[in-house]
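The values are calculated or read from the model by the stated rules, or taken from the named source; none is laboratory data. Quick caveat: nothing in here was measured; it's all calculated off a predicted structure. All Cβ positions, even for glycine, are placed from backbone atoms using ideal geometry, and neighbour counts span all protein chains on display.
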Amino acid sequence: MAKNELLDKGIKRIEWAKTHMKVLGKIRERMVKEKIFEGLKVGMALHTEAKTGVLALTIQEAGAEVRLTSCNPLSTDDSVALALNKEYGLETYAKKGQTTKEYYDSLNKVLDLRPDYVIDDGADLIFLMHTKRKELLRKVKGANEETTTGIMRLRSMAQEGALRFPVMSVNDAYMKYLFDNRYGTGQSTMDGIMTATNLVIAGKSFVVAGYGWCGRGIAMRAKGMGADVTVCEVDPIRAIEAKLDGYAVMPMRKAAKEAEIIVSATGCKDVVTAEDILAMKDGCVLANSGHFDNEISKAALTKLAKKHKMVRESVEEFELKGGKRVYLLADGRLVNLAAGQGHPVEIMDMSFAIQALCLEYLDFSAQTLEPDVYDVPDHIDETVAKLKLETMGVEIDKLSKQQQSYVRSWREGT
């Protein structure tokens, strides 16, 4: 595609997203009018596509100097990255298919801004500052973290006393995980799998590894499309929940024997191992919706294969001894972004509204917060929920004064 065509495509995608991100739009009006981020420097590492572009532009238009890169080598929409740089004047260091060196070079270019705050997804910017860019720790005041994998690691850092500044757990906000993780990941994962393979979902034996909110969403969407869904879990409570939700529950080694599609969404590594691969039947499709590309063991696939080749744009075929073939989608990276378009616009509208409000909260509160991982305040969740209902044209009931008094009362008969 010619550069002018790519630029036009990126502009249209950003403007389409902006039109349909009505919650963030209402917040943006106030933030831009008040220039609430005037004088701040904000470094961002998020999947660089249209919805992210709208968030970054919101922060820039509200007065901040912003630099953006991707948080995954395969999740950039090159048309959006070009448009952000050329049309909107927002420094963006991202392209699809980066090498590991290029990926970290881009992260470092964002950190060269010497940011006051960072907005992270997977915590690579935060980890880089705590390891190789420690000179920045005195300057940075706080961060937002978007995803489950990053929060898990950051909580470990905080428990060990290694975290040097406050981090807002955007991932754990109700208005994020109930919708983004569940409905966003559910829909976008199916989109990525179907775009990559052009295979039918109905009637397939579909295995979901992990029954957190992302796994719940994937299982729900696969079941809704007619798949026979099995869940693999290590948490006994989640396993019971999956069983009572109507899914078969079993270990991966057993599930792999009949699986036609396996999707991992755990935030852990080696969820699908060499032993699991050997147990699979011919034609099994492997996809990952976890943040990092280590949930499905690519090393095991490569070692077990007598040959492998790309058979579609995002599909790699591994032929094992005996002729059995196993297919890996999107190099084991986030299939919903590497092979699809990511979460729906209206879903990310809520998540990125949380991001913008958390950045505002951090800038107001950072001096009083100790280095730790903090839950998003309830009032931010409530603000986003009310705005979302308003943009949907939905009205709800309110408690009367008598009802408010009743639910607060503890004396018998009052």
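For region 326-370, residues that are assigned to a helix (DSSP H, G or I), more than 29 Å from GLY25 (Cβ to Cβ) and among the β-branched types (Val, Ile, Thr) total 2.
Here is the figure for region 260-280: residues that are touching a helix residue (DSSP H, G or I) at 6+ places or on another chain (Cβ under 8 Å), part of a strand (DSSP E or B) and crowded, with 24+ Cβ neighbours inside 10 Å total 3. Looking only at residues of region 103-161 that are without any contact (Cβ under 8 Å) to a residue 40 or more places away in the chain and hydroxyl-bearing (Ser, Thr, Tyr), we find that the one that is nearest to ALA81 (Cα to Cα) is SER106. From the residues in region 376-414 that are surrounded by 13 or more Cβ atoms within 10 Å (Cβ to Cβ) and among the acidic types (Asp, Glu), which one is farthest from ARG155 (Cα to Cα)? Filtering region 376-414 for residues that are surrounded by 13 or more Cβ atoms within 10 Å (Cβ to Cβ) and among the acidic types (Asp, Glu), the one farthest from ARG155 (Cα to Cα) comes out as GLU390.
So that you can scan it fast, the table gives a plain yes or no per residue for (1) crowded, with 24+ Cβ neighbours inside 10 Å; (2) under 19 Å from the mean Cα position of the chain (by Cα):
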residue: ASP121; (1), (2): yes, yes
residue: LYS132; (1), (2): no, no
residue: LEU137; (1), (2): no, no
residue: THR147; (1), (2): yes, yes
residue: MET152; (1), (2): no, yes
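With respect to being outside any loop (DSSP other than H, G, I, E, B) and either within 16 Å of the chain's Cα centre (by Cα) or buried (at least 24 other Cβ atoms within 10 Å of the Cβ) (or both), LEU74 falls outside the description.
The residues of region 314-325 that are at pLDDT 95 or above and either in a loop (DSSP other than H, G, I, E, B) or closer than 17 Å to ASN288 by Cα (or both), listed by number, are SER314, VAL315, GLU316, GLU317, PHE318, LYS324. The residues listed here are VAL32, VAL54; of these, the one that is within 26 Å of LEU337 (Cα to Cα), hydrophobic (A, V, I, L, M, F, W, C) and touching an Asp or Glu at 6+ places or on another chain (Cβ under 9 Å) is VAL54. If you check TYR117 against the conditions, is it surrounded by fewer than 23 Cβ atoms within 10 Å (Cβ to Cβ) and either of a type in the set (Phe, Trp, Tyr) or more than 14 Å from ALA45 (Cα to Cα) (or both)? No, not satisfied. Taking ASP235, is it loosely packed, with under 14 Cβ neighbours inside 10 Å, touching a residue at least 24 places away in the same chain (Cβ under 8 Å) and out of contact with any His (no Cβ under 9 Å at 6 or more places or on another chain)? When the stated conditions are applied, ASP235 passes them.
Among the residues in region 11-29, are any among the aliphatic types (A, V, I, L, M), within 16 Å of ILE354 (Cβ to Cβ), in contact with a Lys or Arg (Cβ under 9 Å, 6 or more places away or on another chain) and not in a helix (DSSP H, G or I)?
Yes, region 11-29 contains a residue that is among the aliphatic types (A, V, I, L, M), within 16 Å of ILE354 (Cβ to Cβ), in contact with a Lys or Arg (Cβ under 9 Å, 6 or more places away or on another chain) and not in a helix (DSSP H, G or I).
Taken over region 228-259, the criterion of being of a type in the set (Gly, Ala, Ser) and either in contact with a Ser or Thr (Cβ under 7 Å, 6 or more places away or on another chain) or assigned to a helix (DSSP H, G or I) (or both) is satisfied by ALA239, ALA242, ALA248, ALA255, ALA259. Candidates in region 1-10 are the residues that are in a helix (DSSP H, G or I) and loosely packed, with under 15 Cβ neighbours inside 10 Å; of these, the one that is modelled with the lowest pLDDT is LYS3.
If you filter region 31-71 down to residues that are of a type in the set (D, E, K, R) and closer than 16 Å to ASP349 by Cβ, you find that the one that is surrounded by the fewest Cβ atoms within 10 Å (Cβ to Cβ) is GLU49.
Here GLU313 passes the criteria (1) more than 15 Å from ILE218 (Cβ to Cβ); (2) touching a Phe, Trp or Tyr at 6+ places or on another chain (Cβ under 8 Å) except the one numbered (2).
Check whether at least one residue in region 289-300 is within 27 Å of the chain's Cα centre (by Cα), buried (at least 20 other Cβ atoms within 10 Å of the Cβ), among the polar types (S, T, N, Q) and in the same structural domain as GLU258 (by TED's automatic domain parsing), and report yes or no. There is at least one residue in region 289-300 that is within 27 Å of the chain's Cα centre (by Cα), buried (at least 20 other Cβ atoms within 10 Å of the Cβ), among the polar types (S, T, N, Q) and in the same structural domain as GLU258 (by TED's automatic domain parsing).
When the criteria are applied in full, MET157 fails the requirement of being among the hydrophobic types (A, V, I, L, M, F, W, C), surrounded by fewer than 24 Cβ atoms within 10 Å (Cβ to Cβ), touching a Cys at 6+ places or on another chain (Cβ under 9 Å) and assigned by TED's automatic domain parsing to the domain that holds HIS47.
Yes or no, residue by residue, for (1) under 30 Å from ALA50 (Cα atoms); (2) in contact with a Leu (Cβ under 9 Å, 6 or more places away or on another chain); (3) charged (D, E, K, R):
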site: GLU275; (1), (2), (3): no, no, yes
site: ALA287; (1), (2), (3): yes, yes, no
site: ASP293; (1), (2), (3): yes, yes, yes
site: ALA299; (1), (2), (3): no, no, no
site: HIS308; (1), (2), (3): no, yes, no
site: SER314; (1), (2), (3): yes, yes, no
site: LEU334; (1), (2), (3): yes, yes, no
site: ALA353; (1), (2), (3): yes, yes, no
site: VAL373; (1), (2), (3): yes, yes, no
